[in-house]
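Following: one structure in structure tokens, then a few remarks.
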Amino acid sequence: MAGSERGQPVSLRESSSPALVQARITLPCAGFTLGQGLIRLRSSDQVPSPTCADPPDDTRLEFKDFKREARTLAEEFFCSQDVEGMVASVKGLGCLPFHDELAALLLRASLDQKDATRQSVIPLLLTLHENELLSTAQLARGFEKLVLSWEDLQLDVPGAPGLLVSLLSSRVGLFDKSLFARLPEDLLAKVVEDLPSNLAQRTIQTHLSELTAFKIELHSKIEEQLLRMGTADGLAAWLREECKPAFHHEVVVAACLSSFDGRPHPDAYWTSCFDPSDLRTEKCRMILDALVQLSTSEHLLSETDIQIGFSRVLGIVTSEMEVKETRSEFPHLVALLRGAVEKELLAAQFLKLARRLHYGGPLGMQALRCAQRQTPLHSRRVWGTGDLRQMRAEMHDTIEVCLVRARARRFGAVKSVCGSCVHGLQVHPEKVLGALLAPGSPK
């Protein structure tokens with residue numbers, strides 16, 4: 001069983017990129033500069049994996065109402081910069097399970113502020129954390145939401161890529177710097193492009209070069225070892241030899257994306273035995289089995305790798321569908337998410353959290369919702385976007401649909417008995433009532 005089902009905590013404090021370790025410098029913190037004495041997130045803090053065993057979120061407000069209230073509070077905070085008042089207001093909302101969205105809202109709103117005002121979000125988030133109103137996991141999920149939408153953010157805030165990276169600076173102290181190694185390649189490339197030529201720029205460029213080389217070799221290993229040989233053993237041996245755990249989320253991304261290619265591989269005869277649709281399905285099965293092996297047997301993929309990997313896949317695939325203005329990849333994306341949950345590689349709770357945070361935009365939300373619907377055995381306790389009211393509404397709608405379908409089947413049988421026409425209901429109403437009230441029929 002995957003670690004997400006066991007509920008084991010996952011630490012984000014893993015070894016960083018060799019380039020960052022060797023350089024030992026402070027990342028640039030454009031727009032976020034604070035004095036000494038800042039309280040850092042404790043090194044003992046760990047990110048608990050979302051599990052299907054978690055109880056439904058019983059909150060005072062529905063999620064849409066919480067978002068509206070949180071957005072209003074964020075606007076008021078950046079006007080007053082009253083940390084204590086903001087903490088009291090957040091506590092009064094009584095919606096602790098939704099605070100990953102609060103973190104995203106505050107971080108996003110800070111990007112629109114002037115430098116002096118922007119800095120006030122850092123002590124606020126740290127104070128919320130100290131008062132147990134914002135967990136490290138929620139803060140990381142809120143940050144990941146902005147990372148996935150960085151290209152859209154820079155349309156409104158041209159310096160958004162640099163500002164996002166600056167949040168990982170040790171001088172800001174909000175996140176652990178090892179998260180820097182997990183940033184997307186295109187985001188890092190944009191930051192390198194915008195930075196002046198200095199030590200920080202050269203260090204990030206070195207890290208980016210290592211990441212690019214790792215991804216190129218990884219793609220080759222997936223094609224040669226996994227898809228051609230049909231086993232993950234060679235890939236596992238290469239990952240151990242490379243010894244770059246900070247890049248292992250890229251394994252999930254590359255492996256999942258390779259399953260979308262329905263073309264036969266010239267060096268793998270078995271791929272020519274399937275049509276494109278069936279080949280995608282078979283690749284999906286192989287990829288998920290390999291990821292399960294790398295996670296459980298080989299211990300090369302952490303919960304953090306898996307969850308960040310799938311969130312990036314959502315972002316990449318949905319962005320491509322929007323650019324191409326097609327939904328041809330949508331069914332396979334849903335199948336990939338469904339298979340990951342069914343194989344207990346990915347917790348159903350992740351689907352709920354990713355859907356609530358709008359990972360992948362509108363298309364991503366639709367895919368997550370379909371995956372939830374298609375995994376009732378795992379997702380029945382985490383339907384909807386996360387609150388108890390929504391779960392009850394989804395359960396009510398599902399039961400109603402089942403009853404309507406059952407009545408339709410019963411009605412079709414009765415209509416056949418009564419002459420296969422609606423007039424039969426008027427001629428023999430007692431037969432209709434008798435059929436619907438028979439033992440085992442929906443009441």
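Bear in mind that the values in this text are calculations on the coordinates, not laboratory data. As the structure is a prediction and not an experimental result, all values here were calculated from the model. Here Cβ is always computed from backbone atoms with ideal geometry, including for glycine, and neighbour counts include all displayed protein chains.
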Q | FRET efficiency for SER297 and GLN81, using Cβ-Cβ distance with R0 set to 45 Å, rounded to 0.05 | A | 0.30
Q. If you place +1 on the Cβ of every Lys and Arg, -1 on the Cβ of every Asp and Glu, and leave all else neutral, what size is the dipole of region 207-386 about its Cα centre, to the nearest 20 Debye?
A. 960
**Q.** From phi via Karplus (6.51, -1.76, 1.60), per-residue ³J(HN,Hα) for region 145-153 in Hz, x at Gly/Pro
**A.** 4, 5, 4, 5, 10, 4, 5, 6, 4
Q.
How would region 328-369 be classified by its alpha-carbon gyration tensor: rounded, prolate or oblate, with rounded meaning a/c under 1.5 and the a/b versus b/c comparison settling the rest?
A. oblate
Q | region 94-154-region 231-254 distance, computed between alpha-carbon centres (Å) | A | 31
Q) Can you put HIS248, HIS219, HIS378 in order, fewest other beta carbons within 10 Å first? A) HIS219, HIS378, HIS248
Q. Order of 97-106, 58-67 by packing, highest average Cβ count within 10 Å first?
A. 97-106, 58-67
